[in-house]
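A.B. asks: I have a structure I would like to understand better, so I am pasting it below and will then ask my questions one at a time.
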């Protein structure tokens, strides 16, 4: 049977927006999702490690930083979930025939993610409102470490299953054989060579972004407790630096694991993809140098340079990720051929709602921060 006959068609309705605009919203939407999602994935591990380092002294910088990060995790998780709706929506519109098919082939692990997400989200609140309020302070660190690691394992599993789906949707040639082997939705894509390096690439990025987040806490603390603020800038920069250096061999592994016809496109075979990839390499070098300086000196300027550079770097990586998906699917999935009937009224409602949501999340952050400051004057959070 011809491969083209196995790929379902698009829905018999016109697209509500031009394809280029949906692609732009997909990339920008995923960017707004990826930033808090990285902290959601890496924050539990970093917080647990800091609790372990400061377990013998509740007034130590490590313990206070661990507590600050743990307290912030429910907010980051909320941001990641709400901001994840937009890219998922446009992914389904643009690449629905591939995404829905791969999701059906791995339906059981895919649908199970909801239970894992709800459980891990609950644990984040349990740590904040139960574990960290224990009367016996000697037990807080140990319990927090255990629960944070359990929460983090849940988010790690979610990321792994997502990586399986995002790689399986790229390979229609696998679908029929998988369905014939088992039609009950029990598949993963673990035989895929790019799966492990691709997943590690995103996991290490989560650790790096969490390091940047700790440094941002330090920026906030500089005017209130300069020594602690400098310490958080230094430790956050160190975490980012180590993770980013590790990204280099993992990124090369990821590139090597790609089929040669796609890897070469990032190395001169396609001008836009090569330009974004080259920009990513330059930004990585700048971020490494700036974070190394921030780690050694606690320099506010150096840290902000690393922070801004990393923010642009994450966006560049997301663009490359989108380009890779297009390289894989362009022979099979052609959204440009779908009729377009632009619904500007719905677009206006969508954009207003998106801006309102972001404004609400910013207001919520400020509200929570104010509550913590009132509870413990002179402190950025309950630390």
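The values are calculated or read from the model by the stated rules, or taken from the named source; none is laboratory data. Everything numeric in this text was worked out from a predicted model, so none of it was measured. Every residue, glycine among them, receives a Cβ derived from its backbone with ideal geometry; neighbour counts consider all protein chains shown.
A.B. asks: If I filter the range 5-20 for residues that are closer than 28 Å to residue 159 by Cα and without any contact (Cβ under 8 Å) to a residue 12 or more places away in the chain, do I get at least one hit?
C.D. replies: There is at least one residue in the range 5-20 that is closer than 28 Å to residue 159 by Cα and without any contact (Cβ under 8 Å) to a residue 12 or more places away in the chain.
For (1) more than 15 Å from the chain's Cα centre (by Cα); (2) modelled with pLDDT of 95 or more; (3) crowded, with 24+ Cβ neighbours inside 10 Å; (4) not assigned by TED's automatic domain parsing to the domain that holds residue 124, each residue gets a yes or a no:
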| residue | (1), (2), (3), (4) |
| --- | --- |
| 45 | no, yes, no, no |
| 55 | yes, no, no, no |
| 58 | yes, no, no, no |
| 62 | yes, no, no, no |
| 65 | yes, no, yes, no |
| 71 | yes, no, no, no |
| 78 | no, no, no, no |
| 81 | no, no, no, no |
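Here's the yes/no breakdown for (1) surrounded by 14 or more Cβ atoms within 10 Å (Cβ to Cβ); (2) assigned by TED's automatic domain parsing to the domain that holds residue 95; (3) over 25 Å from residue 42 (Cα atoms):
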{"residue": "225", "(1), (2), (3)": "yes, no, yes"}
{"residue": "239", "(1), (2), (3)": "yes, no, no"}
{"residue": "242", "(1), (2), (3)": "yes, no, no"}
{"residue": "253", "(1), (2), (3)": "yes, no, no"}
{"residue": "286", "(1), (2), (3)": "yes, no, no"}
{"residue": "296", "(1), (2), (3)": "no, no, no"}
{"residue": "306", "(1), (2), (3)": "yes, no, no"}
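A.B. asks: Just the residues that are free of Cβ contacts under 8 Å to residues at least 12 places away in the same chain and either touching a strand residue (DSSP E or B) at 6+ places or on another chain (Cβ under 8 Å) or not in a helix (DSSP H, G or I) (or both), please, taken from the range 84-95.
C.D. replies: Selection gives nothing.
A.B. asks: Here's a follow-up. Might you let me know whether the range 193-213 holds any residue that is farther than 18 Å from residue 242 by Cβ and surrounded by fewer than 16 Cβ atoms within 10 Å (Cβ to Cβ)?
C.D. replies: For the range 193-213, residues farther than 18 Å from residue 242 by Cβ and surrounded by fewer than 16 Cβ atoms within 10 Å (Cβ to Cβ): present.
A.B. asks: Give the range 118-139 a look and list any residue that's in contact (Cβ under 8 Å) with a residue 12 or more places away in the chain and in contact with a helix residue (DSSP H, G or I) (Cβ under 7 Å, 6 or more places away or on another chain), or say none.
C.D. replies: As a first pass, look at the range 118-139 and keep what is in contact (Cβ under 8 Å) with a residue 12 or more places away in the chain: 119-121, 123-128, 131-132, 137.
Scanning the range 118-139 gives 119, 120, 121, 123, 124, 125, 126, 127, 128, 131, 132.
A.B. asks: Let me ask something else. If the requirement is being within 30 Å of residue 170 (Cα to Cα), over 18 Å from the mean Cα position of the chain (by Cα) and either in the same structural domain as residue 318 (by TED's automatic domain parsing) or modelled with pLDDT under 95 (or both), which of these qualifies: 89, 93, 32? Full working, then the answer.
C.D. replies: Values: 89 fails: over 18 Å from the mean Cα position of the chain (by Cα); 32 fails: over 18 Å from the mean Cα position of the chain (by Cα).
Within the list 89, 93, 32, the selection yields 93.
A.B. asks: Here's a follow-up. Answer yes or no as to whether residue 151 is under 20 Å from the mean Cα position of the chain (by Cα), in a helix (DSSP H, G or I) and surrounded by fewer than 22 Cβ atoms within 10 Å (Cβ to Cβ).
C.D. replies: Values: under 20 Å from the mean Cα position of the chain (by Cα): yes; in a helix (DSSP H, G or I): yes; surrounded by fewer than 22 Cβ atoms within 10 Å (Cβ to Cβ): no.
The answer is no for residue 151.
A.B. asks: Consider residue 15 carefully, then state whether it is buried (at least 19 other Cβ atoms within 10 Å of the Cβ) and either more than 22 Å from the chain's Cα centre (by Cα) or not assigned by TED's automatic domain parsing to the domain that holds residue 136 (or both).
C.D. replies: Values: buried (at least 19 other Cβ atoms within 10 Å of the Cβ): yes; either more than 22 Å from the chain's Cα centre (by Cα) or not assigned by TED's automatic domain parsing to the domain that holds residue 136 (or both): yes.
Answer is yes for this residue.
A.B. asks: Considering only the range 262-269, I want to know if a residue exists there that is assigned to a helix (DSSP H, G or I), in contact with a helix residue (DSSP H, G or I) (Cβ under 9 Å, 6 or more places away or on another chain), over 22 Å from residue 195 (Cα atoms) and in contact (Cβ under 8 Å) with a residue 40 or more places away in the chain. Break it down stepwise before answering.
C.D. replies: Within the range 262-269, the subset assigned to a helix (DSSP H, G or I) is 262-267.
Okay, now just the ones that are also in contact with a helix residue (DSSP H, G or I) (Cβ under 9 Å, 6 or more places away or on another chain), so 262-263, 265-267.
Subsequent filtering for residues that are over 22 Å from residue 195 (Cα atoms) retains none.
No; the residues of the range 262-269 include none that is assigned to a helix (DSSP H, G or I), in contact with a helix residue (DSSP H, G or I) (Cβ under 9 Å, 6 or more places away or on another chain), over 22 Å from residue 195 (Cα atoms) and in contact (Cβ under 8 Å) with a residue 40 or more places away in the chain.
A.B. asks: Let me ask something else. Return the residues of the range 1-24 that are in a helix (DSSP H, G or I) and farther than 16 Å from residue 336 by Cα; say none if nothing qualifies.
C.D. replies: So the first thing to find is which residues in the range 1-24 are in a helix (DSSP H, G or I), and the list is 3-6, 19-24.
3, 4, 5, 6 - these are the residues of the range 1-24 that are in a helix (DSSP H, G or I) and farther than 16 Å from residue 336 by Cα.
A.B. asks: Among the residues of the range 341-362, is there at least one that is in contact with a helix residue (DSSP H, G or I) (Cβ under 6 Å, 6 or more places away or on another chain), surrounded by 15 or more Cβ atoms within 10 Å (Cβ to Cβ) and either at pLDDT 85 or above or under 30 Å from residue 98 (Cβ atoms) (or both)?
C.D. replies: No; the residues of the range 341-362 include none that is in contact with a helix residue (DSSP H, G or I) (Cβ under 6 Å, 6 or more places away or on another chain), surrounded by 15 or more Cβ atoms within 10 Å (Cβ to Cβ) and either at pLDDT 85 or above or under 30 Å from residue 98 (Cβ atoms) (or both).
A.B. asks: Being part of a helix (DSSP H, G or I) and touching a residue at least 40 places away in the same chain (Cβ under 8 Å) is the filter; apply it to the range 167-191 and report the residue that is nearest to the chain's Cα centre (by Cα). Spell out the reasoning first.
C.D. replies: Of the range 167-191, the ones part of a helix (DSSP H, G or I) are 167-168, 172-181.
Then keep just the ones that are touching a residue at least 40 places away in the same chain (Cβ under 8 Å); that gives 168, 172-173, 175-176, 178-179.
Details: 168: 19, 172: 26, 173: 28, 175: 27, 176: 31, 178: 29, 179: 30 Å.
Applying the filter and picking the extreme gives 168.
A.B. asks: Something else about it: Residues to consider are 107, 115, 98; find the one that is more than 14 Å from the chain's Cα centre (by Cα), free of Cβ contacts under 8 Å to residues at least 40 places away in the same chain and more than 20 Å from residue 238 (Cα to Cα). Spell out the reasoning first.
C.D. replies: On the way: 107 fails: free of Cβ contacts under 8 Å to residues at least 40 places away in the same chain; 98 fails: free of Cβ contacts under 8 Å to residues at least 40 places away in the same chain.
Among 107, 115, 98, only 115 is more than 14 Å from the chain's Cα centre (by Cα), free of Cβ contacts under 8 Å to residues at least 40 places away in the same chain and more than 20 Å from residue 238 (Cα to Cα).
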